[in-house]
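First comes the structure, then the notes that go with it.
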Amino acid sequence: MSRYDITPRDPRYTVVVGWDGPMRTYFAHVKDPSLDEEEEMVLWVGGLFDEVKTVTELAKAIARYADLSFDMVATLLVDRLKGE
């Protein structure tokens, strides 16, 4: 499993992306730490088996909050290859 902090569009958010090999999915978490703990998770994708199959799907899911750089796309693709 990989996990990376990436730069958000809006600095109030924290954005994490990665590859979960056992779940066979890319994932992303977007949090707003200024909110209560119960409400701080703004977006969570990839929590289900085989949910986010491609980096393109991941990029679309987080587009409102962050962009995936070319280097991050490459890193995530390699992580998936190593994790299968």
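Here is a yes/no grid of residues against (1) in contact (Cβ under 8 Å) with a residue 24 or more places away in the chain; (2) over 16 Å from ALA74 (Cα atoms):
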| residue | (1), (2) |
| --- | --- |
| TYR4 | yes, no |
| THR7 | yes, yes |
| THR14 | no, yes |
| ARG24 | yes, yes |
| LYS31 | no, yes |
| GLU38 | no, yes |
| VAL55 | yes, no |
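For the range 11-31, indicate whether the set of residues that are of a type in the set (A, V, I, L, M, F, W, C), part of a strand (DSSP E or B) and out of contact with any Asp or Glu (no Cβ under 9 Å at 6 or more places or on another chain) is non-empty.
Initial filter on the range 11-31 (of a type in the set (A, V, I, L, M, F, W, C)): 15-17, 19, 23, 27-28, 30.
Okay, now just the ones that are also part of a strand (DSSP E or B), so 15-17, 19, 27-28, 30.
Still in the running and out of contact with any Asp or Glu (no Cβ under 9 Å at 6 or more places or on another chain): 28, 30.
Yes, because at least one residue in the range 11-31 is of a type in the set (A, V, I, L, M, F, W, C), part of a strand (DSSP E or B) and out of contact with any Asp or Glu (no Cβ under 9 Å at 6 or more places or on another chain).
Tell me which of these GLU39 doesn't satisfy, since it passes every other one: (1) closer than 21 Å to ASP10 by Cα; (2) surrounded by 12 or more Cβ atoms within 10 Å (Cβ to Cβ); (3) among the charged types (D, E, K, R). For GLU39, the exception is condition (2).
Exactly one residue out of GLU40, GLU51 is in contact with a Lys or Arg (Cβ under 7 Å, 6 or more places away or on another chain) and not aliphatic (A, V, I, L, M), and it is GLU40. For the range 1-10, how many residues are surrounded by 13 or more Cβ atoms within 10 Å (Cβ to Cβ) and in a strand (DSSP E or B)? Matching residues across the range 1-10 total 3.
A quick yes/no check of all residues on (1) on the phi > 0 side of the Ramachandran plot; (2) out of contact with any strand residue (DSSP E or B) (no Cβ under 8 Å at 6 or more places or on another chain); (3) at pLDDT 95 or above:
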site	(1), (2), (3)
SER2	no, no, yes
VAL17	no, no, yes
MET23	no, yes, yes
HIS29	no, no, yes
VAL45	no, no, yes
ALA63	no, yes, yes
PHE70	no, yes, yes
LYS82	no, yes, no
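Of all residue pairs spaced 6 or more apart or on separate chains, those with beta-carbon atoms under 9 Å, a first member in the range 57-84 that is free of Cβ contacts under 8 Å to residues at least 60 places away in the same chain and a second member that is assigned to a loop (DSSP other than H, G, I, E, B) and aliphatic (A, V, I, L, M) are LEU58/VAL52; LEU58/LEU68; ALA59/LEU68; ALA61/VAL52; ILE62/LEU68.
The values are calculated or read from the model by the stated rules, or taken from the named source; none is laboratory data. All values derive from a computational prediction rather than experimental measurement. So basically every Cβ, Gly included, is an ideal-geometry build from the backbone, and we count neighbours across all protein chains shown.
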